[in-house]
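No value in this document is a laboratory result; all are computed from the given coordinates. Computed from a predicted structure; not experimentally measured. A quick note on method: Cβ atoms are made from the backbone with ideal geometry, for glycine too, and the neighbour counts reach across all protein chains shown.
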Amino acid sequence: MRKSKIVYSLNIDDIQTVALEDLSRNLTAEELKYVIDYLPGYIDWQQAISLVISEALHYPRKTRQ
């Protein structure tokens, strides 16, 4: 498998979908810039990857839903 393969990503539509669910409106350009700038700092990628690896090792035949 390619080491540079992207395995997960978010786009503006994903962010706006959450904003609509939480705020019942889209974010403004300024609000969106703030979210884009700070979102990576709020996502604990190492913990998420570690949990999935642990689950995969304990349940190797588990199928993705």
> Can you give the helix-only mean residue ellipticity at 222 nm for the chain, where every DSSP H stretch with n ≥ 4 adds -39500 (n - 2.57) and the sum goes over all residues, rounded to the nearest 500 deg cm²/dmol?
Replying inline: -19500 deg cm²/dmol
> Stretch Ser9-Tyr34 to full length: gain in nm at 0.36 nm per residue minus the Cα-Cα span?
Replying inline: 7.2 nm
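Whole number please: convex hull volume per residue of the Cα set in the chain, in Å³?
140
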>> Using Cβ counts within 10 Å as a stand-in for footprinting exposure, how do Glu21, Glu55 rank, fewest first?
In response: Glu21, Glu55
>> Among Tyr8, Ser54, Tyr38, whose Cα projects farthest towards the positive end of the dipole of the chain, with charges put on the beta-carbon of Lys, Arg (+1) and Asp, Glu (-1)?
In response: Ser54
